[in-house]
Amino acid sequence: PLQASALTAALGGAGLDSSRWTQEESVLPERWIVYVGKFPSADLLNRKKTELRSLRVEFREVNAPALQPGLALGTYSTETAAQTALQELGRAGVRSAKVTKEREEQRTLAVRLPALTDTERAGIEALVLQAAGKALAACP
């Protein structure tokens, strides 16, 4: 919200009224996993992978740095769904897993400036970087 306010103020200060740009908010929801780890060594990680394969349990390596090295045995949009999966995995013989949040909800705001001239772009590029902490990028 503070970055968005600073950015819209910077655009207005550069002479671009609100009819020249749009804002699009998106939400990446929180994500829960059934997790095993953090493993103190590669050897222990590999042993756990072998054990899970023998139990026919699918897994993936975790992307979140705070949880590495670790394995996700499932990814869920709610804690309740992850807890249910944990119980099922327990019945399948998995004993060392737990439920943890892999990612917090993330809100982003994209500001689109569809008709900037090269001169306008050059004039506001530094303002946008200062206000939003990100450089202008071409839209896909």
Report summary line: Here the net charge surrounding Ala137, from other residues whose Cβ is less than 13 Å away from its Cβ (Lys, Arg +1; Asp, Glu -1), is +2
Report task. Could you state, as a whole-number percent, how many of the C-alpha pairs of the stretch 2-45 are farther apart than 12 Å? Result -> 76
**Report entry** Nearest-10 value in Å² for the accessible area of Phe59, using the 1.4 Å probe
**Finding:** 60
**Report entry** Dipole of the chain, positive direction: furthest Cα of Val34, Phe59, Ser96, with charges on the beta-carbon
**Finding:** Ser96
Query raised in the report: At 222 nm, what helix-only mean residue ellipticity would the chain give, in deg cm²/dmol to the nearest 500, using -39500 (n - 2.57) for each DSSP H run of four or more?
Result: -12000 deg cm²/dmol
Report task. Kindly report the accessible area of the chain per residue (heavy atoms of protein chains, probe 1.4 Å, no ligands, DNA or RNA), in Å². Result -> 65
Query raised in the report: Can you give the FRET efficiency for Ala4 and Glu120, using 1/(1 + (r/R0)^6), R0 = 25 Å, r = Cβ-Cβ distance, to the nearest 0.05?
Result: 0.80
Report summary line: proj_area_mean for the chain (convex hull on C-alpha atoms), units nm², value 11.4
Query - Unit charges on C-beta of K, R, D, E only; dipole of the stretch 2-140, Debye - result: 800
Query raised in the report: Distance in nm between label sites at Glu30 and Ala135, each 7 Å beyond Cα in the beta-carbon direction?
Result: 3.5
Report task. Would you mind computing, in nm to one decimal, how far apart the modelled labels at Leu113 and Gln87 are, each placed 7 Å from Cα along Cα→Cβ? Result -> 5.4
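The values are calculated or read from the model by the stated rules, or taken from the named source; none is laboratory data. Predicted model, so just to flag it, every value in this text is computed and none were measured. Cβ sites come from the backbone with ideal geometry, for glycine too, and all protein chains shown count toward neighbours. With ligands, DNA and RNA removed, areas are computed over all heavy atoms of the protein, side chains included. Shrake-Rupley method; radii C 1.70, N 1.55, O 1.52, S 1.80 Å.
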